[in-house]
Amino acid sequence: MVKSKKYSIPEISEGVFMVGVKDWNRRLFDALIPLPQGTSYNAYLIKGRDKTALIDTVGPGFHGELLDRVKQTASGDIDYLVMNHAEPDHASAIGTVLNSNPRAVLIATAKGSRMAQVYFQVSEKRIEVVKDGDSRDLGGKTLRFIEAPLLHWPETMFTYSDEGGTLFSCDFFGSHTAFGQYDEDVPDLTTQAKKYFGEIMMPFRRMGQRALQKLEDFDIKVIAPSHGPIYRNPRKILTVYSDWTEGRTSEKALLVYATMWKATETMVEALGETLRSEGVETYLYDLSNADIGEIARELVDSPALVLGTPAVLGGMHPLAANVAYITKMLRPPLKYAAIVSSYGWGGGATREAQAALGVLNLEIVGTVETNGPPAAADYEKLAALGKSLAHKIKE
Ligand code: FEO
């Protein structure tokens, strides 16, 4: 007889269990974001004296594993399924969970309720709509709901458990890594969290600031996000989130470029040399092999962007156009930009790059364009541009 698999299910605080899953092999999110360390879809089971709640579910492909984990942990059926967020990486198993737990009701915000009906065909009769400050008593455990719109979708909310001071923050404070269970297990967790912030949360910095203000009223001892490790030492992530949401920048510059015959690369590197000699930290990426998540991470606190592009058929190289487009979407706290470009037999890239970056509400400090590889006079122009940019960054 084959015995069923026994899962390792951590009790993250008294009566609170992590029943989510690790997706070790996923390598791309939203057909855009690289996941070199996979990710996790965290779901949490909370056992009160009288009732049991499940907070969020898991992504497609893991429904059976979630049910097995819940069954192994809960004493009986669950009563509440809390949907903090309707995106399918957390909500795709809602139908499966409700079918397996006939008396369970779904708890969601008003917008979440509509999404649950449309995306997951949940009957309105099985949904309880909650708003900011509402709560549910599980018997010795109280769940409080905190609306957190646009972190990451309009319907998103957090859930806070009074006893144990655990904040279930959904995507906020998340990180895309399957490694580790708790913050202390992952030495580079802040780097991972910063990458995630740049990719997912940076466009919503103002909403993030509002959420952090709301959270000041709560005694948070544990942060249990929906991706990545659980914070048993939440102070550090709260501090860096305050910096990141406010757009605090460092004395650094992000240099990204496409190059075909090395002329643009040589120019970007020369500019980088000047920036470093002026005391500015530089982060340089060749777009032909760069991880777009690392670029998003460095945009979180870079005041300056240098975009290098050769001219291709009268415009930017497509890789440079792509990074300019992504930068516009992510709404980073950039203040300054510089553009360097080379062309063989016709220009056009600088003009297009100026137009692409011009919508970002930043100052384009200067441009340098060469015909072919840079000559001595071009290096002088690059040095002058590097000094001007460094001066602005350090102002
Ligand atoms: Fe992890 Fe917005 O979903």
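Based on this model, can you work out whether Y241 counts as more than 21 Å from G112 (Cβ to Cβ), under 15 Å from the mean Cα position of the chain (by Cα), within 14 Å of the ligand (Cβ to nearest atom) and modelled with pLDDT of 95 or more? First the steps, then the outcome.
Numbers: more than 21 Å from G112 (Cβ to Cβ): yes; under 15 Å from the mean Cα position of the chain (by Cα): yes; within 14 Å of the ligand (Cβ to nearest atom): no; modelled with pLDDT of 95 or more: yes.
Considered against the rule, which asks whether it is more than 21 Å from G112 (Cβ to Cβ), under 15 Å from the mean Cα position of the chain (by Cα), within 14 Å of the ligand (Cβ to nearest atom) and modelled with pLDDT of 95 or more, Y241 comes out as no.
Filter segment 227-236 down to residues that are part of a loop (DSSP other than H, G, I, E, B) and more than 19 Å from H152 (Cβ to Cβ) and give me whichever is nearest to the ligand (Cβ to nearest atom). Don't jump to the end; show me each part of the working.
First, pick out the residues of segment 227-236 that are part of a loop (DSSP other than H, G, I, E, B): 227-229, 232-234.
Restricting the remaining residues to those that are more than 19 Å from H152 (Cβ to Cβ) gives 232-234.
Working: R232: 21, N233: 23, P234: 19 Å.
So the residue we want is P234.
Can T57 be described as touching a His at 6+ places or on another chain (Cβ under 9 Å), crowded, with 17+ Cβ neighbours inside 10 Å and at pLDDT 95 or above?
Spelling it out, T57 is indeed touching a His at 6+ places or on another chain (Cβ under 9 Å), crowded, with 17+ Cβ neighbours inside 10 Å and at pLDDT 95 or above.
Report, ordered by the first and then the second residue, all pairs with beta carbons closer than 8 Å, sequence separation of six or more or different chains, a first member in segment 201-229 that is touching a residue at least 24 places away in the same chain (Cβ under 8 Å) and among the polar types (S, T, N, Q), and a second member that is part of a helix (DSSP H, G or I) and within 14 Å of the ligand (Cβ to nearest atom).
S226/D89; S226/H90
Within segment 270-309, count every residue that is buried (at least 19 other Cβ atoms within 10 Å of the Cβ) and either among the small types (G, A, S) or farther than 25 Å from K194 by Cα (or both).
Selection size over segment 270-309: 10.
Looking only at segment 135-185, which residues are away from the ligand (no atom under 11 Å from the Cβ) and of a type in the set (A, V, I, L, M)?
L138, L143, I146, A148, M157, L167, A178
Going residue by residue through segment 250-264, is there one that turns out to be away from the ligand (no atom under 16 Å from the Cβ), part of a helix (DSSP H, G or I) and modelled with pLDDT of 95 or more?
Yes, segment 250-264 contains a residue that is away from the ligand (no atom under 16 Å from the Cβ), part of a helix (DSSP H, G or I) and modelled with pLDDT of 95 or more.
I need the full set of residues from segment 190-221 which are surrounded by fewer than 20 Cβ atoms within 10 Å (Cβ to Cβ) and more than 30 Å from V323 (Cβ to Cβ), in order please.
Within segment 190-221, Q213, K214, E216, D217, F218, D219, I220, K221 qualify.
Test of understanding: among A224, A211, which residue is in a strand (DSSP E or B), at pLDDT 95 or above and within 16 Å of the ligand (Cβ to nearest atom)?
A224
Hey, among the residues in segment 310-348 that are free of Cβ contacts under 8 Å to residues at least 60 places away in the same chain and polar (S, T, N, Q), which one's surrounded by the most Cβ atoms within 10 Å (Cβ to Cβ)?
This residue is T327.
Select from segment 152-176 the residues that are surrounded by fewer than 24 Cβ atoms within 10 Å (Cβ to Cβ) and not charged (D, E, K, R) and list them in ascending order.
Selection gives H152, W153, P154, Y160, G164, G165.
Residue check, A211 against (1) closer than 26 Å to G133 by Cα; (2) touching a helix residue (DSSP H, G or I) at 6+ places or on another chain (Cβ under 7 Å), all met but one. Which one?
Only one criterion in (1) closer than 26 Å to G133 by Cα; (2) touching a helix residue (DSSP H, G or I) at 6+ places or on another chain (Cβ under 7 Å) is unmet by A211, namely (2).
Please go through segment 71-96 and pick out each residue that is under 26 Å from F173 (Cα atoms), more than 16 Å from the ligand (Cβ to nearest atom) and surrounded by fewer than 24 Cβ atoms within 10 Å (Cβ to Cβ).
T73, Y80
Is it the case that some residue within segment 111-129 is more than 16 Å from the ligand (Cβ to nearest atom), among the acidic types (D, E) and modelled with pLDDT under 95?
No: zero hits.
Sort out which residues of segment 127-140 are within 18 Å of I78 (Cα to Cα), touching a residue at least 24 places away in the same chain (Cβ under 8 Å) and buried (at least 16 other Cβ atoms within 10 Å of the Cβ), and write them in order of number.
Those that are within 18 Å of I78 (Cα to Cα), touching a residue at least 24 places away in the same chain (Cβ under 8 Å) and buried (at least 16 other Cβ atoms within 10 Å of the Cβ): R136, L138.
The values are calculated or read from the model by the stated rules, or taken from the named source; none is laboratory data. This one's a predicted model, so the numbers in the text were calculated from it and none came from an experiment. Here Cβ is always computed from backbone atoms with ideal geometry, including for glycine, and neighbour counts include all displayed protein chains.
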